[in-house]
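Report on one structure; see the data block that follows.
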Amino acid sequence: MTTSSTSLEDSPLPTPRPNDWRLFLRLVPYARRNGKLFLISLLLLLPVSIAGVIQPLIIGQAISLLRGEPTWAILTGVSLSTGIGTLIKILLVSIAIRLAFVSLQGYLVQRVGQEITAGVREDLFNHVLSLASSFFDRTPVGRLVTRITSDVEALGDVFATGAIGILSDIIYIIVIVFTIFALEWKLALMLVLMLIPVSALIIFFQQQYRKANYRAREELSKLNSMLAENISGINIVQLFRREQFNSEMFRSINQKYREEIDKTIFHDSAVSATLEWVALVAIAGVLWLGGVLVLQDNLTFGALSAFILYAQRLFDPLRRFAEKFTMIQSGFTAIERIGELMDEPIEIRDPSGNTESEFLEGLEWRSQNKPGEIRFENVCFGYKPDEYILQDLNFTIRPGEKVALVGPTGAGKSSIIRLLCRLYEPSKGRIIVDGIDIRDFRQAQLRRYIGVILQESFLFAGDVKRNITLGESYSFEEIQKASQVTNVSDFIEQLPQSYNTQLRERGTNLSGGQKQLLAFARVAIRDPRILVLDEATASLDVATERLVQEALDRLLEERTAIIIAHRLSTIRNVDRILVLKRGQLVESGNHDELLAQDGLYASLYQLQMLGTE
């Protein structure tokens, strides 16, 4: 995969399309994790096949015994009742062995399949979390959900029920072919030749089904994307009366999905019908040619009876394949789609070389001398190639300095923050923090070193404590201390179960201001060297903002701070203001100095003051 800006879903069918064998090989590393179970399930295939193949021979011998035809040596010279009894015992033993081995093999195969599914799902989830923000900018969430859920389930089915089942059927066919050639090569050759056109038809319908199934999966992804979008934006949908319009859009996509599913059903049905027709022709051929050989005394009636059973059993694996056809092709399509996602490159990686402890020792030494220094050197950046949002940006923020970023919408203020936190990589230039290029930081350490509070904070389903610690190991005393420092302890203690209060998804049982207060505690507990505030107090009421401002005054002590604020009155007391326009630094200075320059900052400030009068 290249690092182009196109989405996974831009083209309906990827080219070139990998063949089934290469797709299946992608599962081999996961099968190796459960090597013992996988090996045992493979070893059981041969005895299962032999036990199944011997049964028609036993029935044929019983018929020959009843008709007085030549039989096995163990049946020679025994009475009819004794011979039949012996054959019944052998038949029962073969049935018992086959049932036992089939049951054990089915359990092992399903277990391995579930292990593979779980392994793929975990690796896929971890890979998605490692992808850069640029990937999520161009890929709908619903499509990712489809791949991690339904596609992974289909992948498990193709291995557990499909791949091992096909291998079992192939071994079964091989054992049957060897057996019937040993009985009568003429009848055997006729049956084997009939497999050639059947195989060709199966391959043809398989290719057609794959294309239809891939398109059906794409339409399903669109359905999921639209569903996720409408649920997330349900307030806007209802407030602007978009229900009917969105329902029509959903109906249109649903119709396309149904049409593609109909095509898969057609190809699936065509395979089943073809197999049934060829199987009937094969049995008729065996009866005709076998009858001729029996009349010529070149074949016993018992052997012909066995051949008729073998003709049925020879096509049974193909019938089973037809039954699994939809599932198998869905599985291969799923592997294909999951493979595309797994092949998506991880654009932002941790550096190799120094161990984390060595790196932290060097960082600690530098930060003691220059705690929180930030330097942008000739930084250019664009969300699309050659369309730069930031152009040749150069500035230095001194240790402990409080700097505000100001400028019109689209000037690049938020882009600077995203680059600093390494959510995106600069197109050109570099960013230095305490004398270290941020590309030499490990991502986890960099984002622990820099605390960010956004305008809208995201809360996870779970209790209040977990939304402050976010899975890290902090003591309850540390949680309480962080809450007290940020003036949010009173609000938390008023909740029904205090710190153990369960929050719904996205924190819908809290107000916007309360969610923002938790975001301050979330940052405070990590004690970052650099603090970034991106419109962090915009959603707070006057009373809450006063509490937060007191907390900010404490948090900002001896820390470098970058503040983005559209309300210029809130940044009058910062050490320096950087004014941006179209991705370039056009002015720099404190509030009074910039007003005296009578430039862009002065114009923006005067406009806001007029708006408040």
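The values are calculated or read from the model by the stated rules, or taken from the named source; none is laboratory data. Keep in mind that this is a model prediction, so the values were computed, not measured. Here the Cβ is made from the backbone with ideal geometry for all residues, glycine too, and neighbour counts use every protein chain on show.
Scanning segment 104-132 for residues that are surrounded by fewer than 19 Cβ atoms within 10 Å (Cβ to Cβ) and of a type in the set (Asp, Glu), which turns out farthest from GLU425 (Cα to Cα)? Per the criteria, the residue is GLU122.
Under 30 Å from GLY52 (Cβ atoms) and either under 33 Å from the mean Cα position of the chain (by Cα) or not assigned by TED's automatic domain parsing to the domain that holds THR146 (or both), is that true of PHE178? For PHE178, the condition - under 30 Å from GLY52 (Cβ atoms) and either under 33 Å from the mean Cα position of the chain (by Cα) or not assigned by TED's automatic domain parsing to the domain that holds THR146 (or both) - is not met.
Note on segment 133-147: residues that are under 12 Å from the mean Cα position of the chain (by Cα) and buried (at least 18 other Cβ atoms within 10 Å of the Cβ) total 5. Scan segment 124-167 for residues that are assigned to a helix (DSSP H, G or I), modelled with pLDDT of 70 or more and farther than 25 Å from GLU219 by Cβ and jot them down. Hits for segment 124-167 are ASN126, LEU129, SER130, SER133, SER134, ILE166, LEU167.
Among the conditions (1) part of a helix (DSSP H, G or I); (2) without any contact (Cβ under 8 Å) to a residue 12 or more places away in the chain, the only one that VAL175 does not satisfy is (2). Just one of the listed residues (GLY429, GLY412, GLY462, GLY451) is on the phi > 0 side of the Ramachandran plot, buried (at least 21 other Cβ atoms within 10 Å of the Cβ), not assigned by TED's automatic domain parsing to the domain that holds LEU131 and not acidic (Asp, Glu), namely GLY412.
For segment 22-59, filtering for residues that are over 14 Å from ARG98 (Cα atoms) and either under 36 Å from the mean Cα position of the chain (by Cα) or aromatic (Phe, Trp, Tyr) (or both) leaves 20. Which residues, counting only those in segment 43-83, are surrounded by fewer than 16 Cβ atoms within 10 Å (Cβ to Cβ) and of a type in the set (A, V, I, L, M)? LEU43, LEU46, LEU66, ALA73, ILE74, VAL78, LEU80 - these are the residues of segment 43-83 that are surrounded by fewer than 16 Cβ atoms within 10 Å (Cβ to Cβ) and of a type in the set (A, V, I, L, M). Close Cβ contacts (under 7 Å, 6 or more residues apart or on different chains) running from residues in segment 433-445 that are without any contact (Cβ under 8 Å) to a residue 60 or more places away in the chain and under 17 Å from THR560 (Cβ atoms) to residues that are of a type in the set (A, V, I, L, M, F, W, C) and assigned to a helix (DSSP H, G or I) comprise ILE438/LEU446. Of all residues in segment 565-594, those satisfying the criterion of being of a type outside the set (D, E, K, R) and in contact with a Gly (Cβ under 9 Å, 6 or more places away or on another chain) are ILE577, LEU578, VAL579, LEU580, GLY583, GLN584, VAL586. When ARG22 is tested against (1) at pLDDT 75 or above; (2) of a type outside the set (Val, Ile, Thr); (3) within 30 Å of GLN206 (Cβ to Cβ), only condition (1) is not met. Scanning segment 379-423 for residues that are of a type in the set (S, T, N, Q) and under 37 Å from the mean Cα position of the chain (by Cα), we see that the one that is nearest to SER133 (Cα to Cα) is SER415. Out of the residues in segment 397-409 that are of a type outside the set (D, E, K, R) and under 16 Å from ASN590 (Cβ atoms), which is surrounded by the fewest Cβ atoms within 10 Å (Cβ to Cβ)? Per the criteria, the residue is GLY400. Output yes when any residue across segment 508-517 is at pLDDT 70 or above, surrounded by 14 or more Cβ atoms within 10 Å (Cβ to Cβ) and either in a strand (DSSP E or B) or not assigned by TED's automatic domain parsing to the domain that holds GLY462 (or both), and no when none is. No, because not a single residue in segment 508-517 is at pLDDT 70 or above, surrounded by 14 or more Cβ atoms within 10 Å (Cβ to Cβ) and either in a strand (DSSP E or B) or not assigned by TED's automatic domain parsing to the domain that holds GLY462 (or both).
Close Cβ contacts (under 6 Å, 6 or more residues apart or on different chains) running from residues in segment 209-226 that are over 20 Å from ILE265 (Cα atoms) and in the same structural domain as ILE338 (by TED's automatic domain parsing) to residues that are assigned to a helix (DSSP H, G or I) and of a type in the set (S, T, N, Q) comprise ASN224/THR146. Based on this model, can you work out whether LEU470 counts as surrounded by fewer than 18 Cβ atoms within 10 Å (Cβ to Cβ) and under 26 Å from the mean Cα position of the chain (by Cα)? Criteria met by LEU470. Within segment 102-149, the set of residues being without any contact (Cβ under 8 Å) to a residue 60 or more places away in the chain, in contact with a helix residue (DSSP H, G or I) (Cβ under 8 Å, 6 or more places away or on another chain) and over 22 Å from ASN224 (Cα atoms) comprises VAL102, GLN110, GLY113, GLN114.
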